[in-house]
Structures are given as structure tokens and as C-alpha cells.
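The values are calculated or read from the model by the stated rules, or taken from the named source; none is laboratory data. The structure displayed is predicted, hence computed values, not measured ones. Because the Cβ atoms are built from the backbone with ideal geometry, glycine has one as well, and the counts that use them run over all protein chains shown. For the accessible areas, the whole protein counts, side chains as well, though only heavy atoms, and no ligand, DNA or RNA atoms are used. Shrake-Rupley method; radii C 1.70, N 1.55, O 1.52, S 1.80 Å.
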Amino acid sequence: GIPYLIGGSLASALYGIIRATIHADLVADVKEEHIPKLVDILKGEFYIDEAMILASLQHSISFNLIHLESMFKIDVFPLKARAFDQIQMRRRVPRTVGDQNEESAYFSTAEDIILAKLEWFRAGGETSERHWRDVLGVIRLQASRLDFPYLLEWAEQLGVQDLLHKALSSTEG
């Protein structure tokens, strides 16, 4: 019952180029009242720490879940009140996952993963080749389906319009 979306490299792989990753990124609208039930549901299969989740909500930082059998790590980012984060959650889209095509999960849209990756790229000093390749891969493979007015508007609001223009120009042709 907690609204969430899958972002990061798993979302960029959905729309762009698949690459190996050792973790997943989720944005989730976790509230303090969700914590006891969340811990109770996941404690058998995942390493989960109630105090860590509470601290993450209080300080607006991510917390981790680790699947015990596979040691796969999930970074959970609490949903922020910022306008972009709120609209990204509203725009999330369900995608079929799993071998039987019977389950679905919510993913960031292609536009929103481009914008989020550009923000991460900028925040990391514009040195992450992985983030940059993810952005270029999504743009190349989704070009005809992207909502460019949305991308341009939010890139300006997020202060990454120069990076978006650079990415767009490097994928032309």
C-alpha cells in the first residue's frame, strides 16, 4: 500500500541500454506509520532495520534493504515534497515484470529517468560515465516517444538544461 516507483539503472535499462547492476533504486512514499508493518512483512526475506528507516525519514536520506538469499541491495529513497519528485510519482507507469507476465511494478517514465540521471550526473561532478551512458541510451531508444516539452521544462527547473541539450545534440544523427 506504499506508493513507489523503480528508478535508477533498472528504469534506465527498461527504456535504454541494459547494463549490469548490483542494486535497485526505489522512491517510496514511506511514512512513520508504515514502518512496523513494513519491517514485519519483509524481515524474513530481507535485512531491514526499523531504526535505520526511521532515521532516513527524519533526515530525508535513503535506507537499504538487502535480500538475504541473493544479497541484492535495494536503496529506498523517501519521496520528497519537491515538485519534481511529486510529479515523477504521479507519472509513474506500471510495467510487467517476472517470467510469467502476471506481475507488474511501477517504474519512472523515460523522461523522468533522464531528468533524474542528469541530476545525479551533475551532483556527482559530471564524472559518472554510467549515468551519462544511461541518459544517452534512453534518449536514443525512446527519441520518437519522448515528451520533449516536458523534458525541456523540467530540465530548466532542475538546472540541468545545459546537460539535456548536450545529451540531445550528442544523440542526433
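Looking only at region 64-73, filter to residues that are open to solvent by 80 Å² or more (accessible area, probe 1.4 Å) and touching a residue at least 12 places away in the same chain (Cβ under 8 Å); which one of those is farthest from Leu158 (Cα to Cα)?
So in region 64-73, the residues open to solvent by 80 Å² or more (accessible area, probe 1.4 Å) come out as 68-69, 71.
If we keep only those that are touching a residue at least 12 places away in the same chain (Cβ under 8 Å) as well, we get 68-69.
Working: Leu68: 37, Glu69: 39 Å.
It comes out as Glu69.
Within region 43-62, residues that are closer than 15 Å to Ala28 by Cβ reach partners that are among the polar types (S, T, N, Q) and assigned to a loop (DSSP other than H, G, I, E, B) with beta carbons closer than 8 Å, at six or more positions or on different chains, in the pairs Ser56/Ser62. Sort out which residues of region 24-65 are at pLDDT 95 or above, polar (S, T, N, Q) and either at positive phi or part of a loop (DSSP other than H, G, I, E, B) (or both), and write them in order of number. Within region 24-65, just Ser62 meets the criteria.
Cβ-Cβ contacts under 8 Å between residues 6 or more apart (or on different chains), taken from a first residue in region 28-40 that is under 15 Å from Gln58 (Cβ atoms) and charged (D, E, K, R) to a second residue that is in a helix (DSSP H, G or I) and open to solvent by less than 70 Å² (accessible area, probe 1.4 Å), are listed as Lys31/Leu57; Glu32/Leu54; Glu32/Leu57. Here Leu141, Leu163 are screened, and the one residue that is under 19 Å from Ile17 (Cβ atoms), touching a helix residue (DSSP H, G or I) at 6+ places or on another chain (Cβ under 6 Å) and not β-branched (Val, Ile, Thr) is Leu163. Checked against the criterion of being within 21 Å of Trp154 (Cβ to Cβ), of a type in the set (Ser, Thr, Tyr) and touching a helix residue (DSSP H, G or I) at 6+ places or on another chain (Cβ under 7 Å), the candidates Ser60, Ser9 yield just one match: Ser9.
For region 22-63, which residues satisfy the criterion of being open to solvent by 40 Å² or more (accessible area, probe 1.4 Å) and of a type in the set (Val, Ile, Thr)? If the condition is that a residue be open to solvent by 40 Å² or more (accessible area, probe 1.4 Å) and of a type in the set (Val, Ile, Thr), then Ile22, Ile41, Ile61 are the ones that fit.
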